[in-house]
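Structure record follows, encoded as structure tokens.
The values are calculated or read from the model by the stated rules, or taken from the named source; none is laboratory data. All of these numbers come straight from a predicted model, not from anything done at the bench. Using ideal geometry, Cβ is built from the backbone for each residue, glycine included, and neighbour counts are taken over all protein chains shown. Accessible surface areas use protein heavy atoms only, side chains included; no ligands, DNA or RNA. Shrake-Rupley method; radii C 1.70, N 1.55, O 1.52, S 1.80 Å.
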Amino acid sequence: MPVIAPWPVRVAGAEREGADAPMAVGTTVDHLTETYRAHYRSLLGLAALLLDDTASCEDVVQEAFIRVHSARSRVRDPEKTLAYLRQTVVNLSRSALRRRILSLKLLAKPMPDMASAEEGAYELLERDQLKAAMRKLQRRQREVLVLRYFADMTEAQVAQTLGISLGSVKAYGSRGLAALRVAMEATT
């Protein structure tokens, strides 16, 4: 396991000068670049053993190098840079898997009574047939049926809306349903 300083190590005497204190050397950019060239594929293989898709593996390894680059001054022993990278790859892979598991748990589950695609196609076909049959009805019959069954109005509300008597609403509704039934049976 790499040795990481818990805070930036300052050079002795820098506090007395009041200037920005330089950090301890740690891992240099050149050393990190050489480590990248030499061990990128092996780190990718490590991530591949932990994750299931190539894109995620590449993302994890790239993120590991970015994080080590950001914290390179805290790695006291440059020879442990590879160990630090490996541990970062493992930790990032674990995090990626945790996020996947959580997202799978939170995905909306389909309702058990949802219609299949085939049933949806039949419903669409029936709806189209119903619309065609409704267009063939007399205007008043169509108005009464639409207000009564699609707008979910009572017979009294339909009568008031159309300005006709309650008896007329019942008669138009009854005749309209009978005509609709005949038209729908004819299409099947």
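Amide H neighbours of Val75 under 5 Å, at least 5 residues apart or on other chains, H built in the peptide plane: list them.
Thr27
Please report the carbon-and-sulfur percent of the accessible area for the range 125-186; probe 1.4 Å, protein heavy atoms only, DNA, RNA and ligands left out.
Working: 2150 of 4150 Å².
Whole-percent figure for carbon plus sulfur exposure: 52.
Could you sort 72-81, 96-105 so that the peptide with the highest average Cβ count within 10 Å comes first and the rest follow in order? All intermediate terms of the calculation are to be shown ahead of the outcome.
Numbers: 72-81: 17.1, 96-105: 11.2.
Listed from highest to lowest mean packing, they are 72-81, 96-105.
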